[in-house]
Structures are given as structure tokens and as C-alpha cells.
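Each value in this text was obtained by applying a stated rule to the coordinates, not by laboratory testing. Quick caveat, the model's predicted, so the values are computed rather than measured. Counting neighbours? That spans all protein chains shown, and the Cβs are built from the backbone with ideal geometry, glycine included.
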Amino acid sequence: MAKLTVRGARKEEDYWHIRAFLREVFLLNNRRLLSWHVVRLDYWRWHFVANCELSPPVPQVTYIWETNDRRIAAVLNPESNGEAFMQVHPHFGTPELEEEMLAFAETHLSVRNADGTRTLYAFADESDARRQQLLKSRGYVKRGRPENQWRRELDVPIPSAQPIPGYVIRSMGDVDEHPARSWASWKAFHPDEPDAHYEGSDWYLNIQFAPLYRRDLDIVAVTPGGEIAAFATIWFDDATRSGVFVLVGAMPVHQRRGLSTAVMTEGLRRLQRMGATRAFVSGYSPQANALYATVMSQKDIQAPWIKAW
């Protein structure tokens, strides 16, 4: 096995090398999400970091294990503070490498709590017995909501959703529609928060700066009055012929009318016409998983594990 060295991903070009690495790993893993999809990396950078500030800037918390000829063997990064995601190339994956990465994460990515203790979340696919054994051996326990990684093959016909009276399914409009789209997201994902906490629509510009964003895959259900009632934003990676639903939701007053299903199935059909052969969406809540189960066909489960010391 080639000797590996670790370094921080400090240069902009490192980000683009990691994107290529994730595409290669995705294909070698039979197009399963055993490591991050390139879309998730982009979403982390352009939303979690740029908009939500849920972790320091990408270069400060991303680490690369590489060979002497600068081939990437593994990448370690958080999504939010106090998390560690291990992206490992299957040709280099060994128990020793993963233990080294986890120990490194405990030093560099854990968070210090008010009482002086430290915590770190790490993640393992339910089918990855080696990763789970490693976590147990280092004192981690399984805790928290698992990520249900739903997928659907696109080499078969996509059922047509019936038109819903009073709504039009179409692509997202230009910048003038950002406030309506942003407001729909706020109401869909923060139904119990005071509207006074709403911070406006500037965040949506960052979403559109992401390399794989396409307005024709930003699909909305609109009322006759122009209100955006539901939405499904999809990013398509033509290098792997796969698409990922990044955001799916409906405003509470428009829920239970089939709108989320309608925008998702329209998105699947558009992906299919573009040449995509597999689509993904991740669900955490019971409500989201109930929706995705009606549209997608298979899933993997990735569970969070926590260590406190």
C-alpha cells in the first residue's frame, strides 16, 4: 500500500480536485452514497458555510490524505461544527487509514463544550460493518436521526403526476422571484418560528452560484396569484449521470395536496431527458421519508455516532 501523507486543503484548486475525487469514488462504489456525492460538497460550501455559517470556511476544516504523486486517497471534512465525514477511496480503504482519520478528526474537528468536555459526531453506513466496529472500539455510540438516502433508477418510465387544479408546475423564475421562493422555503422548513426571524432572500443567490445549479431544475408549483406553494431544487452532475434533490418542500397552507410529489416527479422526468440514470434525495424526518418512499424505490441508511470525552 502506498505511503500516505495528510495536509489541509488550503488552495482553491484543492476543492476542484476533491470534486473529481468524489465523482471517482461514487462510481467505484457502484453509484451508492458511501462517500459524499459531489452535490453535497457544493451544497456544504455554497449554503452550509456561505449562508448558514455552520462550520468554518471549507479550507480551514478540510483535510486530504494523498500519495507521493498527489493522488487523493481520502478526504476528511465536517458539514456542521463537531462533525466528521470520512470520504475514502475504495482502493486505499484500510482499517488503519480509517482509524488514523478518526483520531485526526477527534483532535481537529471535535468541539469543546461549556463544561470542558469534547464531542464529535462521525457517520457510518448501516452496511459498513468495519466502520461501525471502528467507531465502537473508539468509544462512539449510535445516537441521533439517521439519514435515509433514497434513490431511484431512471432507466424506467416515471409515473406522471396528475395536474392539480389551481396550480402550475414550472421552472423557477428570474431574480425577481427570489423573494417568493425564499419565503416558501422559510414557511416550509420553519413553520413554528415567528416570521420576525425571517432574514430575507439574499441566501438564494449563493445557492445559484453553485456550479451545478440549473434554473430549469429548480421546479416550483405556483398559485394563480403567483405565490410559490411548493418546490424541488435538483442539481444534476452529468459526469456521473446522477441528480440530487437538494431541497423539497411545500408551504404549510398548501400541504397535503400532492404538490411535493408533483414537483418531484416533474424533476425526475427532466433528469431522465437530460440523460441521468439515477436520482437521490436524503430524508431525516418521518414526514420527509413518507413522501420520498412514494417517489423513490430504494434506500441506504447512514447513522450518526457520537463520542464524548
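Observations
- Its alpha carbons give segment 156-276 an Rg and a Dmax of 14.3, 46 Å.
- For segment 113-175, alpha-carbon Rg relative to the globular expectation (2.2 N^0.38 Å, N residues): 2.05
- Per-residue ³J(HN,Hα) for segment 242-259, Karplus 6.51 cos²θ - 1.76 cosθ + 1.60, θ = phi - 60°, Hz, x for Gly and Pro: 9, x, 10, 6, 8, 9, 9, x, 9, 5, x, 6, 10, 6, 6, 10, x, 5
- Qualifying chymotrypsin sites (Phe, Trp or Tyr not before Pro) in segment 103-140, DSSP loop, other Cβ atoms within 10 Å at most 16: none
- Pairwise centroid distance, computed over Cα atoms, of segment 143-191 with segment 242-309, Å: 8 Å
- Cα-based helix-to-principal-axis angle, 12-28 vs the chain, degrees rounded to 10: 80 degrees
- With semi-axes defined as the square roots of five times the eigenvalues of the C-alpha gyration tensor, the equivalent ellipsoid of segment 1-101 measures 21, 15, 13 Å, largest first.
- Sum of -39500 (n - 2.57) over DSSP H runs of 4+, divided by residues of the chain (222 nm, nearest 500): -9000 deg cm²/dmol
- Restricting segment 133-213 to GluC sites (Glu not before Pro) that sit in a DSSP loop and have at most 16 other Cβ atoms within 10 Å of their own Cβ leaves GLU199.
- Against the empirical curve 2.2 N^0.38 Å, the C-alpha radius of gyration of segment 259-301 lands at a ratio of 1.18.
- Listed by chain and number, the lysines whose alpha-carbon sits under 22 Å from that of LYS299, ignoring those within fewer than 8 places in the same chain, are LYS142.
- For the chain, the spread of Cα positions along each principal axis, largest first, Å: 61, 47, 34
- Seen from all directions on average, segment 31-154 presents a Cα convex hull projection of 9.4 nm².
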